[in-house]
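Participant: First the structure, which I've put down as structure tokens, then a few questions once you've had a look.
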Amino acid sequence: MDHRATDRYQSLKLAFAILLLAAGCKVVPPPAPPPPTPPPEPERKEAAPRAPPKAAPAAPPKSTAVVPAPAAPRAAAPALDLRSLEQRLKDTNAIGVLTKLSLKNQVDDLVAQFRAFHDGRQPPTLTELRRPYELLLMKVLSLLQDSDPALAKEINASREAIWSVLSDRNKLSQFL
Amino acid sequence: MKRILFVVSLAASIATAADDPKQRQDLTAVIALNGKPCGEVVSYVVQADNDYVATCKDGNRYRVHVKDGRVIVEKQ
């Protein structure tokens, strides 16, 4: 009985081993598919970290957006330091002496037109004065933009502020 | 005596026919600012202080000088 049992056990063991071998050959491929599945997990993990940064930058702008909003108008006001701009225009090496003098002549002519307007002589209306003002500003900017871009940028940023001074009689009188 | 005068005048003409690129650029800008056709000043002659005759690339010649604090550009 023992021999029979051992024989059966051995035959079963052999059969099991063959099954294992046979199954082992088939089992190998299945592990292959699993690897593809793990990558998606890391990708998800990568995607997850990406999402938080997006959320993180989004949050700071909200906090900063509130602060700069009131700060922007405050910054615009000091930008119009006409005296400083005038001095920088005089001191810049981007424009030659004759050009500066010629520009001054044209600025003086334009200011005289504004004064005439404020005195009630209105053939050149305020709307009509806007064009020569823009033209003169373009001339100044074109002269500065290559050699003194910082000054050109500041003058361009002060475009409306300068216009508000010129078009307002009281403000203009403070600068003359 | 004539030779000496000739040499002196030649030297003077050489001295006044200066060719400073910055001055040429300045004259170019002034002529353009005054709305005159020029393109670019290729040469100029100094006649006196703040008094130049500029020759443009397109052949135009202008006298650029200062009078009563104003820059005057006159076609020659």
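The values are calculated or read from the model by the stated rules, or taken from the named source; none is laboratory data. For clarity, every value in this text was computed on a predicted model and none was experimentally measured. Glycine gets a Cβ as well: all are built from the backbone with ideal geometry, and neighbour counts include every protein chain shown.
Participant: Keeping to the stretch B:22-65, report how many residues are in a strand (DSSP E or B), within 14 Å of chain A (Cβ to nearest Cβ) and surrounded by fewer than 18 Cβ atoms within 10 Å (Cβ to Cβ).
Facilitator: As a first pass, look at the stretch B:22-65 and keep what is in a strand (DSSP E or B): B:41-48, B:51-56, B:61-65.
Right, trim to within 14 Å of chain A (Cβ to nearest Cβ) and you get B:41, B:44, B:46-48, B:51-54, B:62-65.
Of the ones still in play, those that are also surrounded by fewer than 18 Cβ atoms within 10 Å (Cβ to Cβ) are B:46-48, B:51, B:63.
Here the count works out to 5.
Participant: Considering each of A:Lys104, A:Lys100, A:Lys90 in turn, give the residue that is buried (at least 17 other Cβ atoms within 10 Å of the Cβ) and either under 29 Å from B:Lys36 (Cβ atoms) or in contact with a Leu (Cβ under 7 Å, 6 or more places away or on another chain) (or both).
Facilitator: Of A:Lys104, A:Lys100, A:Lys90, the one residue that is buried (at least 17 other Cβ atoms within 10 Å of the Cβ) and either under 29 Å from B:Lys36 (Cβ atoms) or in contact with a Leu (Cβ under 7 Å, 6 or more places away or on another chain) (or both) is A:Lys100.
Participant: Could you pull out the residue among A:Ala116, A:Ala112 that is within 14 Å of chain B (Cβ to nearest Cβ), of a type outside the set (Ser, Thr, Tyr) and assigned to a helix (DSSP H, G or I)? Before the answer, list the steps.
Facilitator: Values: A:Ala116 fails: within 14 Å of chain B (Cβ to nearest Cβ).
Only one candidate passes the filter, namely A:Ala112.
Participant: Sticking with this one: Which numbered condition in (1) in contact with a strand residue (DSSP E or B) (Cβ under 6 Å, 6 or more places away or on another chain); (2) at pLDDT 95 or above is the only one that B:Val71 fails?
Facilitator: (1)
Participant: Does the stretch A:154-168 contain at least one residue that is within 17 Å of A:Arg83 (Cβ to Cβ) and among the polar types (S, T, N, Q)?
Facilitator: yes
Participant: For B:Asn34, state whether it is at pLDDT below 95, closer than 19 Å to A:Leu103 by Cβ and in contact with a Leu (Cβ under 9 Å, 6 or more places away or on another chain). So that I can check it myself, show each step before the final result.
Facilitator: Working: at pLDDT below 95: yes; closer than 19 Å to A:Leu103 by Cβ: yes; in contact with a Leu (Cβ under 9 Å, 6 or more places away or on another chain): no.
Considered against the rule, which asks whether it is at pLDDT below 95, closer than 19 Å to A:Leu103 by Cβ and in contact with a Leu (Cβ under 9 Å, 6 or more places away or on another chain), B:Asn34 comes out as no.
Participant: Follow-up. Can you pull out the residues in the stretch A:90-109 that are of a type outside the set (A, V, I, L, M) and either in a loop (DSSP other than H, G, I, E, B) or within 14 Å of another protein chain (Cβ to nearest Cβ) (or both)?
Facilitator: Filtering the stretch A:90-109 for residues of a type outside the set (A, V, I, L, M) gives A:90-93, A:96, A:99-100, A:102, A:104-106, A:108-109.
Result: A:Thr92, A:Asn93, A:Gly96, A:Thr99, A:Lys100, A:Ser102, A:Lys104, A:Asn105, A:Gln106, A:Asp108, A:Asp109.
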